[in-house]
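No value in this document is a laboratory result; all are computed from the given coordinates. On a predicted model such as this, the values are computed, not experimentally measured, just so you know. Every residue, glycine among them, receives a Cβ derived from its backbone with ideal geometry; neighbour counts consider all protein chains shown.
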Amino acid sequence: MAAAGDSPACCGLVKELVERARPCVLRPRCFFVAWNGVLTIAYSGFPPSLARLKSELSAEIDALPPEKPGSLWPKTTLAAVKDNRRLSPKQLTALGKICREATEAMSRCSQGNIQVVVDRLSVVFYACRCLERTLFKANCKLAGMLDDSEPTQESKEFTRQVVDEVNTPDYWFHASKDGHRESHYRGNAMGLTLVHELGHFSSPTQQYWHQLPGKGASCLWGAAVQLWHKPDAASRHVACGINPTQLRAMWPVA
């Protein structure tokens, strides 16, 4: 079952805080293989508007648990390793090369200026972590003029450290760890999250996916056929971070 609306019973203070935030932009940094073999797009960091919103949510909602490392950097999860499979060192090396080539191709395609315009956020009560099944969704339009500021220095540095970890000698240990397989994302799990949907709204966001380099993306999906599960494209999103209940949120997915 899926529904969308503006019910204050679901959103309340969350919706009020979201709608005070200014529209902003996220800048894709790279494709990479995150912990547990999850294929990810990492953005360069949270811009000031979203960083302030995250701080306000944490300050105003006492029930929010402490943030986990996975919530401190913006990402889109593209695919997860299938159940009962594991990346080998050889596969990780090959996939790392493909991710680097896809990142370079994306940069050339856009002259290094691809931006995801975050003009709306959605409060989603989901039935699975990849958001292919949702129970309720409230769309919130951000207010004011677009703020195209660069990410905060703190967020940019944290993201850099996460992404650079792939170059460490023991990274295969993290990339091959158990957990976060297909069933983690597609299995039944209820929770509340705050996201920007990449394919839903008619805004410059729509153009983002069309600008992804066909060759690089094809290589990624070609490598993924036997190893990864790729969620439905309509459920792709950027997790912006909220967990106002005791249920697991989407933001630490990778």
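Placing unit charges on the Cβ atoms of the charged side chains and taking the dipole of segment 116-167 about its Cα centre, the candidate lying farthest along the positive direction among T152, V118, C140 is C140. Phi angles across segment 93-105 convert, under the Karplus curve 6.51 cos²θ - 1.76 cosθ + 1.60 with θ = phi - 60°, into 3J(HN,Hα) values of 4, 5, 5, x, 5, 4, 4, 5, 5, 5, 5, 5, 5 Hz, Gly and Pro given as x. For G191, the residues whose amide H sits under 5 Å from its own are Y126, ignoring neighbours fewer than 5 places away on the same chain, with H placed 1.01 Å from N. Neighbour counting of Cβ atoms within 10 Å sorts the residues M145, M106, fewest neighbours leading, into M145, M106. Bridging of K141 to lysines at a Cα separation below 28 Å is possible for K15, K54, K68, K75, K156, once same-chain residues fewer than 8 apart are set aside. Amide H contacts under 5 Å for R120: L142, restricted to partners 5 or more places along the chain or on a different chain, H placed in the peptide plane at 1.01 Å from N. For the pair E60 and K90, a Förster radius of 35 Å applied to the C-beta separation gives a FRET efficiency near 0.15, rounded to the nearest 0.05. Sorting C30, C130 from the fewest to the most surrounding beta carbons within 10 angstrom yields C30, C130. Dipole check for segment 55-98: with +1 at the C-beta of Lys and Arg, -1 at the C-beta of Asp and Glu, and the Cα centre as origin, the magnitude is about 720 Debye.
Once the chain from E101 to S183 is taken as fully extended at 0.36 nm per residue, the excess over their C-alpha distance is 26.6 nm.
Rank S88, L26, T103 by how far each Cα sits towards the positive end of the charge dipole of segment 12-114 (+1 on Lys, Arg Cβ; -1 on Asp, Glu Cβ) and give me just the farthest. Of the options given, the answer is S88. Shown in residue order for segment 127-136 are the 3J(HN,Hα) couplings computed by the Karplus curve 6.51 cos²θ - 1.76 cosθ + 1.60 at θ = phi - 60°: 10, 8, 5, 7, 6, 5, 10, 10, 9, 7 Hz (x for Gly and Pro). Summarising the amide proton neighbourhood of L78: residues at separation of 5 or more, or on other chains, whose placed amide H is nearer than 5 Å comprise L39, T40, I41. Could you tell me whether segment 48-106 comes out rounded, prolate or oblate from its Cα gyration tensor? Rule is a ≥ b ≥ c as square roots of the eigenvalues, rounded for a/c under 1.5, then prolate if a/b exceeds b/c, otherwise oblate. Oblate is the answer for segment 48-106, as a/c is 1.5 or above yet b/c matches or exceeds a/b. What is the fewest-to-most order of Y126, Y171 by other Cβ atoms lying within 10 Å of their Cβ? Least to most surrounded, the residues fall as Y171, Y126.
Partners of K90 within straight-line reach, counting lysines whose Cα lies under 19 Å from its Cα and excluding those fewer than 8 residues away in the same chain: K82, K177.
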